[in-house]
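What follows is a set of notes on a single structure, which appears directly below.
Every number here is computed from the coordinates shown, using simple stated rules; none is lab data. This structure is a prediction, so every number in the text was calculated from the model and none was measured. Here the Cβ positions follow ideal geometry from the backbone for every residue, glycine too, while neighbour counts run over all protein chains shown.
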Amino acid sequence: DAGVIQSPRHEVTEMGQEVTLRCKPISGHNSLFWYRQTMMRGLELLIYFNNNVPIDDSGMPEDRFSAKMPNASFSTLKIQPSEPRDSAVYFCASMVGGKMNTEAFFGQGTRLTVV
Amino acid sequence: GQQVMQIPQYQHVQEGEDFTTYCNSSTTLSNIQWYKQRPGGHPVFLIQLVKSGEVKKQKRLTFQFGEAKKNSSLHITATQTTDVGTYFCAGPNSNTGKLIFGQGTTLQVKP
């Protein structure tokens, strides 16, 4: 397996533009997470899906952020409109969830810069 | 809500010195995981502890899970420059299963 695949690796966009980040989890993993990492705030959990259903989105900063998981092999995180303070590295991670959860595998991340 | 806290936030050591990072959860955990993130990289799984009081070793790294399953530690003996990075602990929420990470401890090693 190629691991968790995220695209794009880097994104530079102007304030106000829509940004869509993509993630392909590892086949067979039923849990998917979106994290945001900044120097100031560390690694923050944005949203958690289990079996394609959003279980906890309490970390989503505001209505400008939305995430979907239309099927077990694809998820998107959308920011509309984007703002400079959204600049961060966004990680997607997947694992086999449940009572005996396994390790989480992270993608390489998307480095987002909003100017 | 459930919180996972780590200390210290940063640690600078001379190569050859030991290093320890501590992790505390506000609730009892079914298991705890440790990850390492190299500069510019992504978090990579190191180990999972499940049993109360469990101790596991990986070469110079020693991981402990507290008796109450609410705290954990990672100890590195005789640090090397290759140990540089940020070390995270993570535990699953008992209700939802979401994986909550601590803030991480960033280790710098001076040669």
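Some notes on this structure:
- Put the Cα centre of segment B:10-80 next to the Cα centre of segment A:7-82 and the gap is 27 Å.
- Length added when fully stretched, residue A:111-residue A:15, from 0.36 nm per residue minus Cα-Cα: 33.0 nm
- Taking every DSSP bridge with both residues inside the protein assembly as shown, close to 90 percent are antiparallel.
- Across A:24/B:56; A:78/B:36; A:24/B:110; A:68/B:70, pairs whose alpha-carbon gap is larger than 29 Å: A:24/B:56; A:24/B:110; A:68/B:70
- Over all other residues within a Cβ to Cβ distance under 12 Å of residue B:61, the charged ones net out to +3, with Lys and Arg as +1 and Asp and Glu as -1.
- The local environment of residue B:80, defined by Cβ-Cβ distances under 15 Å, has a net charge of +1 under the rule Lys, Arg +1 and Asp, Glu -1.
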